[in-house]
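Undergrad: One structure is given below, represented as structure tokens, and several questions about it will come after.
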Amino acid sequence: MKLNDAYEPVIGLEVHAQLLTASKAFCSCSTQFGVEPNSNVCPVCLGMPGTLPVLNRNLVEFIIRMGLATGCSITPRSVFARKNYFYPDLPKGYQISQFDLPLCTGGSVEIDLDDGSRKTIRLTRIHMEEDAGKSIHDIDVDTLVDVNRCGVPLIEIVSEPDMRSPREAYLFLTRIRQLVTYLGICDGNMEEGSLRADANISVRRKGTTPFGTKTEVKNMNSFRYVERALEFEINRQIQVLTEGGTVAQETLLWDANLGVAIPMRSKEEAHDYRYFPDPDLVPVLVEEAWTGRIRESMPELPTVRRDRFESTLGLPRYDADVLTAEKETADYFEDTLQELTNQTGRDRKDLAKPVSNWVMTDILRVMGERKLAIGQVPISPVRLAGMIRLILDGTISGTIAKELFEEMLGSDEDPESIVERKGLVQVSDHGVLSAAIQEVLDNSPDQVRKYINGSDKVFGFFVGQTMKKLQGKGNPSVINELLRKKLDGLKSA
Amino acid sequence: MSVTLRDVDHVAKLANLSFSDEEKQTLVGELNAILDYMEQLNELDTSNVDPLSHVIELSNVFRDDELKPGLSREEALRNAPQRSEKFFKVPKVLGDR
């Protein structure tokens, strides 16, 4: 879909991240996903009269991690509020959220645009709240309600309207996902609903400052849909305006099957939530000592790690980006590099690129082909390092290494012992190689004549044939050297 | 500030309550009386007083992130006016949140 160039979209996102706590926000029920309906419930999350919520300490710890990672101010005294509305999957008749005193305010994240430049997207706030349950409308004539998800802790990350294209919104969301997964506070799975995004969208004529009337698009429940849904809504608004109409302020639901955003049936009172401080929950005071402790326990952030891979390991920007996209990949890379450094005693900087090549091409390929997480790939960092060491010390050739890699996928045998058992050791013995080369030259009189007559192209042919004769086990640099000597000898003879 | 019939309609709708016209008129009177009574507070200068969100002087009451057994599904569904085998059942919801 092509966006009209005369208009500029203005996009802000609200991202809900479901936190990886063991228990719910205000009661001791499990947060486990995909269990039997209405099995993780208790009087508190069922909204029974007379019950009292008690705040999960980890909810506060987790939101502070995200706040620190995005440079937010941590509010010293933060308060929970009730957001009141009636819906069957909200048994209490209100959602516990935060309103005028959210725990984190300000802050920003950086996104890397496709032209290589970086852009700062400001955050308005990050606050804590609880999830609602699930209503199921399509398996019975009535609506069925599952309360398991009620009270599961969420953080809501609200951005400023700083994004100017669906692509930027996608990059922002990707960065948020990367951050929450690095911090270990959310699994980042959009399809399962652990990460949900709603967008506020308006368009304005390019070069003008005032914002147009905005609409809200909900239900963009996969990374793929975010860009499509935003493009749809932007085009719709532009069309309304170019036809002389006005954009109505409304909420739309993205329908992925139809590829359209459909207006919700909204009553005018729908947004009157009558927030007020929740008297059941006491204020949360966060002192510097607490944030200091959390700051110290934080893992290295993805962009910092990427820059370190570039500057201290000497990796190209592309490698650093790919390797740090997911924390597990970066950990795997660094574990392999550490292991290889230990095994060879060589400088990390010299080893980083070979390790990066194997992780980026072969390990990531296996993950894609077999739909595996990196922890499930049958080759551990120790074994991969062992294999790369065999290449570096000349025991095996690069060609053989590819074969060895496939072999290693099928067993947990040491690379060394596979090499020994299958006789994959590289042949560097001059006598053996010379004999093979001589045989190749004897069998290819035409090509030899071409070489003598000045065609260097056939050189590769001789290398290939010799390698073939040695079942790929010949040492390529020794073969090159011997072959060149022998052919040049023929030339001058 | 005075409460009108429209305000009563609005608040009643938000609270999912329905009233007869007569009851609404009574509520207009009662709500206005309550607000008038609260007006007395305006005699005090509160410009240097922080808004109060809680009446007790407590903060940071937490629990550890640990699981404790809740209710079985049978117990949870026992008081439901309507249920299926595994779910609470409510009349079909047509409007959106």
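The values are calculated or read from the model by the stated rules, or taken from the named source; none is laboratory data. Note that the structure is a prediction, hence the values are computed from the model and not measured. Please note: Cβ atoms are built from the backbone with ideal geometry, for glycine as well, and neighbour counts cover all protein chains shown. Remember, those area values only see protein heavy atoms, side chains included, never the ligands or the DNA or RNA. Shrake-Rupley method; radii C 1.70, N 1.55, O 1.52, S 1.80 Å.
Undergrad: Would a scan of region A:91-106 turn up a residue that is part of a loop (DSSP other than H, G, I, E, B), touching a Cys at 6+ places or on another chain (Cβ under 6 Å) and either within 14 Å of another protein chain (Cβ to nearest Cβ) or open to solvent by 20 Å² or more (accessible area, probe 1.4 Å) (or both)?
TA: Within region A:91-106, one or more residues are part of a loop (DSSP other than H, G, I, E, B), touching a Cys at 6+ places or on another chain (Cβ under 6 Å) and either within 14 Å of another protein chain (Cβ to nearest Cβ) or open to solvent by 20 Å² or more (accessible area, probe 1.4 Å) (or both).
Undergrad: Restricted to region A:255-268, and to residues that are surrounded by 13 or more Cβ atoms within 10 Å (Cβ to Cβ) and more than 30 Å from the chain's Cα centre (by Cα), which residue is modelled with the highest pLDDT?
TA: Restricting to residues being surrounded by 13 or more Cβ atoms within 10 Å (Cβ to Cβ) and more than 30 Å from the chain's Cα centre (by Cα), the top hit is A:M264.
Undergrad: So A:Y87 passes all but one of these: (1) at pLDDT 95 or above; (2) within 14 Å of chain B (Cβ to nearest Cβ); (3) in a loop (DSSP other than H, G, I, E, B). Which condition number does it fail?
TA: The single condition A:Y87 does not satisfy is (1).
Undergrad: With (1) touching an Asp or Glu at 6+ places or on another chain (Cβ under 9 Å); (2) within 14 Å of chain A (Cβ to nearest Cβ); (3) open to solvent by less than 80 Å² (accessible area, probe 1.4 Å) as the list, and B:K24 as the residue in question, which single condition is left unmet?
TA: (2)
Undergrad: Quick check, is B:E39 more than 13 Å from every other protein chain (Cβ to nearest Cβ), at pLDDT below 95 and open to solvent by 50 Å² or more (accessible area, probe 1.4 Å)?
TA: Values: more than 13 Å from every other protein chain (Cβ to nearest Cβ): yes; at pLDDT below 95: yes; open to solvent by 50 Å² or more (accessible area, probe 1.4 Å): yes.
In short, yes.
Undergrad: Right, here's the next one. On the basis of being assigned to a helix (DSSP H, G or I), more than 14 Å from chain B (Cβ to nearest Cβ) and either surrounded by fewer than 19 Cβ atoms within 10 Å (Cβ to Cβ) or touching a Leu at 6+ places or on another chain (Cβ under 8 Å) (or both), does A:N235 make the cut?
TA: Details: assigned to a helix (DSSP H, G or I): yes; more than 14 Å from chain B (Cβ to nearest Cβ): yes; either surrounded by fewer than 19 Cβ atoms within 10 Å (Cβ to Cβ) or touching a Leu at 6+ places or on another chain (Cβ under 8 Å) (or both): yes.
For A:N235, the condition - assigned to a helix (DSSP H, G or I), more than 14 Å from chain B (Cβ to nearest Cβ) and either surrounded by fewer than 19 Cβ atoms within 10 Å (Cβ to Cβ) or touching a Leu at 6+ places or on another chain (Cβ under 8 Å) (or both) - is met.
Undergrad: Same structure, new question: Which of the following residues is surrounded by 10 or more Cβ atoms within 10 Å (Cβ to Cβ) and among the polar types (S, T, N, Q): B:S2, B:S53, B:S47? So that I can check it myself, show each step before the final result.
TA: Details: B:S2 fails: surrounded by 10 or more Cβ atoms within 10 Å (Cβ to Cβ); B:S47 fails: surrounded by 10 or more Cβ atoms within 10 Å (Cβ to Cβ).
Within the list B:S2, B:S53, B:S47, the selection yields B:S53.
Undergrad: Of these, A:S222, A:S165, which one is polar (S, T, N, Q), open to solvent by less than 50 Å² (accessible area, probe 1.4 Å) and over 15 Å from the mean Cα position of the chain (by Cα)? Spell out the reasoning first.
TA: Details: A:S222 fails: over 15 Å from the mean Cα position of the chain (by Cα).
Going through A:S222, A:S165 in turn, just one is polar (S, T, N, Q), open to solvent by less than 50 Å² (accessible area, probe 1.4 Å) and over 15 Å from the mean Cα position of the chain (by Cα): A:S165.
Undergrad: Kindly evaluate A:V158 against the criterion of being of a type in the set (A, V, I, L, M) and open to solvent by 20 Å² or more (accessible area, probe 1.4 Å).
TA: Working: of a type in the set (A, V, I, L, M): yes; open to solvent by 20 Å² or more (accessible area, probe 1.4 Å): yes.
Considered against the rule, which asks whether it is of a type in the set (A, V, I, L, M) and open to solvent by 20 Å² or more (accessible area, probe 1.4 Å), A:V158 comes out as yes.
Undergrad: Let me ask something else. Restricting to region A:277-289, count the residues that are facing another protein chain (nearest Cβ under 9 Å) and either in contact with a Phe, Trp or Tyr (Cβ under 6 Å, 6 or more places away or on another chain) or more than 15 Å from A:R57 (Cα to Cα) (or both).
TA: Total meeting the criteria: 4.
Undergrad: Being closer than 17 Å to A:I64 by Cβ and crowded, with 24+ Cβ neighbours inside 10 Å, is that true of even one residue in region A:131-153?
TA: The first filter runs over region A:131-153 and keeps only residues closer than 17 Å to A:I64 by Cβ, leaving A:153.
Cutting the leftovers down to crowded, with 24+ Cβ neighbours inside 10 Å gives us A:153.
Yes; the residues of region A:131-153 include at least one that is closer than 17 Å to A:I64 by Cβ and crowded, with 24+ Cβ neighbours inside 10 Å.
Undergrad: Go through the residues of region B:23-41 one by one and say whether even a single one is small (G, A, S) and closer than 30 Å to A:V282 by Cβ. Steps first, please.
TA: Step one: filter region B:23-41 for residues small (G, A, S), giving B:29, B:33.
Within this subset, residues satisfying the condition of being closer than 30 Å to A:V282 by Cβ are none.
No; the residues of region B:23-41 include none that is small (G, A, S) and closer than 30 Å to A:V282 by Cβ.
Undergrad: If I filter region B:46-68 for residues that are without any contact (Cβ under 8 Å) to a residue 60 or more places away in the chain and in a helix (DSSP H, G or I), do I get at least one hit? Write out each step before concluding.
TA: To start, the set of residues in region B:46-68 that are without any contact (Cβ under 8 Å) to a residue 60 or more places away in the chain comprises B:46-68.
Within this subset, residues satisfying the condition of being in a helix (DSSP H, G or I) are none.
No, that holds for no residue.
Undergrad: For region A:147-164, name all the residues that are under 14 Å from A:L20 (Cβ atoms), in contact with a Ser or Thr (Cβ under 7 Å, 6 or more places away or on another chain) and among the hydrophobic types (A, V, I, L, M, F, W, C). Let's see the steps before the verdict.
TA: Taking region A:147-164 and keeping what is under 14 Å from A:L20 (Cβ atoms), we get A:152-155.
Next, from what is left, pick out any that are in contact with a Ser or Thr (Cβ under 7 Å, 6 or more places away or on another chain): A:152-153.
Answer for region A:147-164, where residues must be under 14 Å from A:L20 (Cβ atoms), in contact with a Ser or Thr (Cβ under 7 Å, 6 or more places away or on another chain) and among the hydrophobic types (A, V, I, L, M, F, W, C): just A:V152.
Undergrad: Residue by residue through region A:16-52, note down the ones that are buried (at least 24 other Cβ atoms within 10 Å of the Cβ), among the hydrophobic types (A, V, I, L, M, F, W, C) and either outside any loop (DSSP other than H, G, I, E, B) or more than 9 Å from chain B (Cβ to nearest Cβ) (or both).
TA: A:A17, A:L19, A:A25, A:V41
Undergrad: Going residue by residue through region A:290-302, is there one that turns out to be within 14 Å of chain B (Cβ to nearest Cβ), over 27 Å from the mean Cα position of the chain (by Cα) and open to solvent by 10 Å² or more (accessible area, probe 1.4 Å)?
TA: Yes, there is a match, as at least one residue in region A:290-302 is within 14 Å of chain B (Cβ to nearest Cβ), over 27 Å from the mean Cα position of the chain (by Cα) and open to solvent by 10 Å² or more (accessible area, probe 1.4 Å).
Undergrad: Can I ask one more? Taking region A:53-84 only, how many residues are more than 7 Å from chain B (Cβ to nearest Cβ), within 29 Å of the chain's Cα centre (by Cα) and not in a loop (DSSP other than H, G, I, E, B)?
TA: Total meeting the criteria: 13.
Undergrad: While we're looking at this one, here's another question. Within region A:335-362, how many residues are closer than 15 Å to A:F309 by Cα and surrounded by fewer than 19 Cβ atoms within 10 Å (Cβ to Cβ)? Show your work before the answer.
TA: If we filter region A:335-362 for residues that are closer than 15 Å to A:F309 by Cα, which is where we start, we get A:335-338, A:347-357, A:359-360.
Subsequent filtering for residues that are surrounded by fewer than 19 Cβ atoms within 10 Å (Cβ to Cβ) retains A:335, A:338, A:347-350, A:353-354, A:357, A:360.
Counting residues in region A:335-362 that are closer than 15 Å to A:F309 by Cα and surrounded by fewer than 19 Cβ atoms within 10 Å (Cβ to Cβ) gives 10.
Undergrad: Tell me, please, whether a residue that is within 30 Å of A:V141 (Cα to Cα), basic (K, R) and facing chain A (nearest Cβ under 10 Å) can be found in region B:63-78. Steps first, please.
TA: Residues of region B:63-78 that are within 30 Å of A:V141 (Cα to Cα), as a first pass: B:70-78.
Subsequent filtering for residues that are basic (K, R) retains B:73, B:78.
Narrowing further to those that are facing chain A (nearest Cβ under 10 Å): B:73.
Looking through region B:63-78, at least one residue is within 30 Å of A:V141 (Cα to Cα), basic (K, R) and facing chain A (nearest Cβ under 10 Å).
Undergrad: Looking at A:T70, A:T51 in this structure, which one is among the β-branched types (V, I, T) and in contact with a Pro (Cβ under 6 Å, 6 or more places away or on another chain)? Don't jump to the end; show me each part of the working.
TA: Values: A:T70 fails: in contact with a Pro (Cβ under 6 Å, 6 or more places away or on another chain).
After applying the criteria, what remains is A:T51.
Undergrad: Under 9 Å between Cβ atoms, at least 6 apart or on separate chains: pull out the pairs that start in region A:445-463 with a residue that is polar (S, T, N, Q) and end on any residue that is outside any helix (DSSP H, G or I) and surrounded by fewer than 18 Cβ atoms within 10 Å (Cβ to Cβ).
TA: A:Q447/A:S455
Undergrad: Those residues that are among the aliphatic types (A, V, I, L, M) and away from every other protein chain (no Cβ under 14 Å), I need them from region A:134-167; list them, please. Please lay out each step first, then the result.
TA: Of all residues in region A:134-167, those among the aliphatic types (A, V, I, L, M) come to A:136, A:139, A:141, A:144-145, A:147, A:152, A:154-155, A:157-158, A:163.
If the condition is that a residue be among the aliphatic types (A, V, I, L, M) and away from every other protein chain (no Cβ under 14 Å), then A:L154, A:I155, A:I157, A:V158, A:M163 are the ones that fit.
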